[in-house]
1. Starting from residues that are outside any helix (DSSP H, G or I) and under 22 Å from Val106 (Cα atoms), keep the ones in segment 290-309 and report whichever is nearest to the ligand (Cβ to nearest atom).
2. Given (1) closer than 30 Å to His58 by Cβ; (2) more than 14 Å from the ligand (Cβ to nearest atom); (3) assigned to a loop (DSSP other than H, G, I, E, B), where does Pro275 come up short, assuming only one miss?
3. With segment 33-129 as the region, which helices (runs of 4 or more DSSP H) entirely inside it contain at least 3 residues that are within 13 Å of the chain's Cα centre (by Cα) and among the β-branched types (Val, Ile, Thr)?
4. For residues that are within 16 Å of the ligand (Cβ to nearest atom) and not basic (Lys, Arg), scanning just segment 278-289, find the one that is nearest to Leu55 (Cα to Cα).
5. Pro178 fails exactly one of the following numbered conditions: (1) touching a helix residue (DSSP H, G or I) at 6+ places or on another chain (Cβ under 8 Å); (2) at pLDDT 95 or above. What is the number of that condition?
6. Six or more apart or on different chains, Cβ under 7 Å: which pairs go from a residue in segment 126-140 that's among the charged types (D, E, K, R) to one that's not in a loop (DSSP other than H, G, I, E, B)? Could you list them?
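The values are calculated or read from the model by the stated rules, or taken from the named source; none is laboratory data. As the structure is a computational prediction, the values presented were derived from the model and not from experiment. So basically every Cβ, Gly included, is an ideal-geometry build from the backbone, and we count neighbours across all protein chains shown.
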Amino acid sequence: MAFDMTDPAANPRIEIPSRAPSATPTDDVVTPFEVASLDLRGRVVRLGPAVDEILTRHAYPQPVAKLLGEAVVLTVMLGSALKIDGRFILQTQSDGPVRMLVVDFVAPDKVRACARFDKGQVAEAIAAGAGSLLGKGHLAMTLDQGPDMNRYQGLVALDGGSLEDAAHEYFLRSEQIPTRVRLAVAEELRAGAGGASHRWRAGGILLQFLPKSPERARVADLDPGDAPEGTEPHVVEEDEAWVEGRALVSTVEDVELIDPDLSSERLVYRLFHEPGVRVFRGGPVRAECSCSRANVEAMLKSFSKDDRDHMVEDGKISVTCEFCSANYMFAPDEVGATGE
Ligand SMILES: [Zn+2]
């Protein structure tokens, strides 16, 4: 998949600024950056109202909301880095308490998300203080550029780890790019006149090592794969630039990623001021569903007549969007079904 973490030349929407890091924090924005002296590129995602709208509307149990929030950050980070227009879908499917996460990013700036989970198992996992709600399964990333174009799909196994782990694995195996991702989601409590109020906030940072000579991009933790048993693992010395970049990004704390008073630019500057960092103008993100009456109608018409007939209840067909809860009602004859 052609992710491109900065490349302002390829994207006329981004201008190269020459100003000092902004002190004013901005929410719902993706900020690309480049540390040229270390061949590092990355982006910071900062979500306030957009992630709050998605998570508050669903009102999932708190750990499920948190996990979905992480998936939203990861999707925005990757979807906004695709050079081409289209829909980027991140989806997990697994045997854990959270069966499925779906986040859908429509270029250039729309995101929506939902989760399916087993209520009982989530409650048990919360009571037991269990770490991962994902379990074993897979994470799929799909790029859909419309009905006449090939869909591109990348898959990575989920093995009881976090979404960060899965992202590292994906970039290592599928793209062979040394990558570190940090994701954070939290509920902010604010004292107000009418009592305390909750707001979801989320943030993340992605860092990649993209040297001009590819042999510098080797990484140490690639296991020997299907090499014969007993083969000594090949000891690889990682490039110093990547070792330094990875060490810097590993110091980022959750609170820095969600702090409403710390701008993305200041965070990047705090991390990389020594090697020198260039920050590009960010793009906005908003929570917006792409469902419509016309889409739902087309979807219903794609079913068999028998299926449609079975969907008629009380003389109508009712469809609720799983992402945004919008309800669409059709008379049976509108979609070629026979009413009771
Ligand atoms: Zn919708």
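1. Cys291
2. Condition (1) is where Pro275 drops out.
3. Counting at least 3 such residues, we get 62-79.
4. Residue satisfying both the conditions and the ranking: Ala287.
5. With respect to (1) touching a helix residue (DSSP H, G or I) at 6+ places or on another chain (Cβ under 8 Å); (2) at pLDDT 95 or above, Pro178 is out only on (2).
6. Here the result reads Lys136/Ser94; Lys136/Leu158; Lys136/Asp159, each pair linking segment 126-140 to a residue that is not in a loop (DSSP other than H, G, I, E, B).
Okay, residues lined up against (1) free of Cβ contacts under 8 Å to residues at least 60 places away in the same chain; (2) in contact with a Lys or Arg (Cβ under 6 Å, 6 or more places away or on another chain); (3) basic (Lys, Arg):
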site	(1), (2), (3)
Phe33	no, no, no
Leu38	no, no, no
Arg43	no, no, yes
Gly48	no, yes, no
Val51	no, no, no
Pro61	no, no, no
Val64	no, no, no
Gly69	no, no, no
Val76	no, no, no
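Matching residues to (1) surrounded by fewer than 12 Cβ atoms within 10 Å (Cβ to Cβ); (2) touching a residue at least 60 places away in the same chain (Cβ under 8 Å); (3) within 16 Å of Pro25 (Cβ to Cβ); (4) in contact with a Leu (Cβ under 6 Å, 6 or more places away or on another chain):
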position	(1), (2), (3), (4)
Pro260	no, yes, yes, no
Ser264	no, yes, yes, no
Phe272	no, yes, no, no
Arg278	no, yes, no, no
Gly282	no, yes, yes, no
Phe303	no, no, no, no
Met311	no, no, no, no
Tyr328	no, no, no, no
Ala337	no, no, no, no
